[in-house]
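The numbers here are math on the coordinates, done by the rules we state, and not lab data. Just so it is clear, the model here is predicted, and its values are computed rather than measured. All Cβ positions, even for glycine, are placed from backbone atoms using ideal geometry, and neighbour counts span all protein chains on display.
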């Protein structure tokens, strides 16, 4: 009867427990090393992302302030234009009313 390779390996490790322990230690060290590298990589990526967010936030904040100042100036200009237009309309309305209503020095026809 022919045994599979896994059965042969299991039988060898059962007969030589020191080799089995050494293999387990090597596997644990390998996984520990991989996990440490992944944690370091995660920390580096997190630092890069945080620096990027900080930088873009500063730029966005400066851009926001610029946009707000431009909007304030535009609103002030439009408000001034509306005020002037309102004064003109009031003046023309007053002239129209003066023409329609008889004054104290005018006599009705």
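Results, tabulated for the structure shown:
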item: Top of 62, 22, 46 by mean-square fluctuation, Gaussian network on the chain, Cα under 10 Å; result: 22
item: Net lengthening on full extension, residue 27/residue 12 (0.36 nm per residue, minus Cα-Cα); result: 3.6 nm
item: Angle in degrees between helix 5-15 and the longest Cα principal axis of the chain, rounded to the nearest 10; result: 70 degrees
item: Difference of contour (0.36 nm per residue) and Cα-Cα distance, residue 39 to residue 53; result: 3.0 nm
item: Per-pair calculated FRET efficiency, R0 = 41 Å: residue 63 and residue 83 via Cβ, rounded to 0.05; result: 0.85
item: Gain on full stretching of the segment that runs from residue 75 to residue 46 - 0.36 nm per residue minus C-alpha separation; result: 6.2 nm
item: For the range 1-40, radius of gyration divided by Kirkwood radius, i.e. Rg to Rh on alpha-carbons; result: 1.23
item: MRE, 222 nm, helices only [DSSP H, n ≥ 4, -39500 (n - 2.57), over the chain, to nearest 500]; result: -32500 deg cm²/dmol
item: Most mobile of 44, 21, 34 in a GNM of the chain (Cα contacts under 10 Å); result: 21
item: Hull volume in cubic angstrom per residue (convex hull over the Cα atoms of the chain); result: 227 Å³
